Amino acid sequence: MTHRLEELLQALERIDTQIMVLLQQRCTLSRKVHAIKERQEGSTAIPDRGPEILSRLTRSNPGPLSDQMVVSLFSHILSCTEGGRDSEQN
């Protein structure tokens, strides 16, 4: 393996780690929102913010990911980090 290739692969590993940390942070914040909503309103049923979030993300998408890829990735992220989900689910 060339030195340059090894550097690029290590950079990808660092980014993957950063993504994991951010996803964990998103999940934690989502759970806090869920808990607050439940205490304040007695219910966590809030309007689905997914379309609003996806629209904002596609509007600010600089590429190289296509808007379709952004929607696909973030739809999955949103469904996996919803506040009421059990963290033990895989």
Of the conditions (1) at pLDDT 95 or above; (2) touching a Ser or Thr at 6+ places or on another chain (Cβ under 9 Å); (3) of a type in the set (Lys, Arg), ARG85 satisfies every one except a single condition; which number is it? (1)
From the list LEU57, LEU78, which one is in contact (Cβ under 8 Å) with a residue 24 or more places away in the chain, in contact with a helix residue (DSSP H, G or I) (Cβ under 7 Å, 6 or more places away or on another chain) and surrounded by 11 or more Cβ atoms within 10 Å (Cβ to Cβ)? LEU78
Checking GLU7 against (1) closer than 19 Å to ILE77 by Cβ; (2) at pLDDT 85 or above; (3) in a helix (DSSP H, G or I): exactly one of these is not met. Which one? (1)
Answer yes or no as to whether LEU9 is among the aliphatic types (A, V, I, L, M), surrounded by 10 or more Cβ atoms within 10 Å (Cβ to Cβ) and under 24 Å from CYS80 (Cα atoms). no
Picked from the stretch 29-50 (must be surrounded by 10 or more Cβ atoms within 10 Å (Cβ to Cβ) and out of contact with any Ser or Thr (no Cβ under 9 Å at 6 or more places or on another chain)), the residue modelled with the highest pLDDT is LYS32
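The values are calculated or read from the model by the stated rules, or taken from the named source; none is laboratory data. What you are looking at is a predicted structure, and each value in this text was computed from that prediction instead of being measured. We place every Cβ from the backbone using ideal geometry, glycine too, and count neighbours over all the protein chains shown.
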